[in-house]
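> Have a look at this one.
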C-alpha cells in the first residue's frame, strides 16, 4: 500500500509540473491559436536566470528578480516573433518558428552556462513525510502552487468576463474589437504571463532535479499532448489530462508483470498510446460532447 501511495505522490508532483506548462500552452493558444512549444526552453532559461542570481550573492530576492526579468523579456520576444504570423494566420509556420526559438534558447544556454548539470539545491533535498510517504520540499511547493494556479485559471477562464474575452479573441476578433478591447495588448500580457508560469515550473523542476539546457524538452512535449488530450478549448480537460497521462504510465511500469520488463524508457510510449486511445474516442478532448450533424 505504501508503494502504491508513493507512486501516487510522485505522479502528483510530475503531473503538476506538466500542468504548469499545459496551462501556459492553453493560455497562448486561447488568444492566438498558436502552440508555443518554446515555453519549455523558456522555463529552463528562466531557471538558469534564477540559478545565476542565486549564485551571484546567495540572495533569493535577487534570484527571483532576475528570473522575472528573464521571463518578461522572453515573453516579449515570443510575442513579437509570433504576432505577425498570427495576424497572417500562418499557424503552422508559427509552430515551426516557436520550435526554432526553443532550439536557439537551448543552444544559447549551453554556450553561456555549459551543458554540465547544475544544482540549485546542493546536497540532499529536504523532504517532508506523511506517514511512510515522502515528498521533497520542492515537490510540496509544486503541488501547492499548482493547485492554486489551476483553481484561479479555471475561475478566471470560465467564470469571469475576462475569461470570455480571452476565449473570444482568437475565435471572433471582430466582435471583440467592436467592444473596444485592445487585443494586441492582451496577447502581449498573456505571452508574458505564460512565460512567467513556465519559468516557475522550470525553477521548481530544477530544484527537484538537475538543471540542464534541454531540461524543458520532454516536459513541453508531454504538456503539448496533455493540451490536446484534454481539449485545447477546455481548461478542465487540460487539468485532468495532465495527471492522467502521467499517472497511468507510472502504474503500468511499476505494476506490470516482471516478464514484460517495462522500464522508465517506456513512459513516452505509453503516453502516446494513451493519447491515441483517448483522442480516438474523444477527438475534441476529454469533456467534449458528441453532436450529431443534421
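> For residue 124, indicate whether it is more than 21 Å from the chain's Cα centre (by Cα), farther than 28 Å from residue 14 by Cβ, without any contact (Cβ under 8 Å) to a residue 40 or more places away in the chain and assigned to a loop (DSSP other than H, G, I, E, B).
no
> Is it the case, given these coordinates, that residue 47 is in contact with a strand residue (DSSP E or B) (Cβ under 9 Å, 6 or more places away or on another chain), touching a residue at least 12 places away in the same chain (Cβ under 8 Å) and closer than 18 Å to residue 110 by Cα?
So residue 47 fits the description; yes.
> Continuing with the same structure: More than 20 Å from the chain's Cα centre (by Cα), part of a helix (DSSP H, G or I) and at pLDDT 95 or above - does that describe any residue in the stretch 100-109?
Within the stretch 100-109, one or more residues are more than 20 Å from the chain's Cα centre (by Cα), part of a helix (DSSP H, G or I) and at pLDDT 95 or above.
> Next question, about the same structure. Has the stretch 22-44 got at least one residue that is modelled with pLDDT of 95 or more, crowded, with 24+ Cβ neighbours inside 10 Å, under 17 Å from residue 196 (Cα atoms) and touching a strand residue (DSSP E or B) at 6+ places or on another chain (Cβ under 9 Å)?
Yes: the stretch 22-44 contains one or more residues that are modelled with pLDDT of 95 or more, crowded, with 24+ Cβ neighbours inside 10 Å, under 17 Å from residue 196 (Cα atoms) and touching a strand residue (DSSP E or B) at 6+ places or on another chain (Cβ under 9 Å).
> Continuing with this model, one more query. Can you tell me which of (1) assigned to a helix (DSSP H, G or I); (2) surrounded by fewer than 11 Cβ atoms within 10 Å (Cβ to Cβ) is the one residue 129 doesn't meet?
(1)
The values are calculated or read from the model by the stated rules, or taken from the named source; none is laboratory data. Small disclaimer: the values here were computed from a predicted structure and weren't measured. Neighbour counts run over all protein chains shown; Cβ positions are idealised from the backbone, glycine included.
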